[in-house]
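The structure under discussion appears below in the form of structure tokens.
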Amino acid sequence: MPCVGAAVARHGTASNKYECEERRGMRRLWAPWRITYILTADKTEGCFLCEKPQERKDEENLILLRGEHNFVILNSFPYNPGHLMIAPYRHVGEVEALSVEEATEHFLLLRKVLRAMKQAFNPDGFNIGLNLGRAAGAGVEDHIHTHVVPRWSGDTNFMPVLADVKVIPEALADTYKKLKKALDEII
Ligand SMILES: [Zn+2]
């Protein structure tokens, strides 16, 4: 991300890019287990965002919540504990292709997820967004999904604690239980 605005005025040049990003809260998270995902992303056939909801094994598949048009699923290769995705059941690759009902519920689920996340984990902030198209970093580029990544002050230092791949499945199951409980209470 280019260093712009007040940050440029403070630091002078883009050579201070990293420091600028630090100041703007864009510190990168270290998530080494994601290499498994990166190496297999192009080889996986089918669309897991279509397949998982059809399997009816929600806990195993880390599906936290089902709406009428969208569902909420924990990311198996998280950038941070609690990293989840909201996706329509329908296989659509563009936000403009969503119906009003799908788009409305998508955002209402985001609202609900944020409430639950605050209740369960009390994060200091969130990164929320859609990667549209491979050039923008989309792993599944033809089935839109909104990423919600909770952030804690200093979490770049915290994450190496979870870097052991054996810890990840346990951490995911634990996160699932806590978030599910919070979501159930909000209903
Ligand atoms: Zn799909």
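All of the numbers you see were taken from the coordinates with simple rules; none came from a lab. A quick note: this is a predicted structure, and the numbers were derived from the prediction, not measured. Cβ placement follows ideal geometry from the backbone for every residue including glycine, while neighbour counts extend to all protein chains displayed.
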(request) Subtracting the Cα-Cα distance from 0.36 nm times the residue separation, let me have the gained length for GLU60 to GLU96 in nm, one decimal. (result) 9.8 nm
(request) Could you pull out which residues in region 83-122 have an amide N less than 13 Å from a spot 7 Å beyond the Cα of LEU132, following the Cα-Cβ vector? (result) 93-98
(message) Once you place label points 7 Å from the Cα toward the Cβ at ASN122 and GLU68, how far apart are they in nm?
(response) 3.7 nm
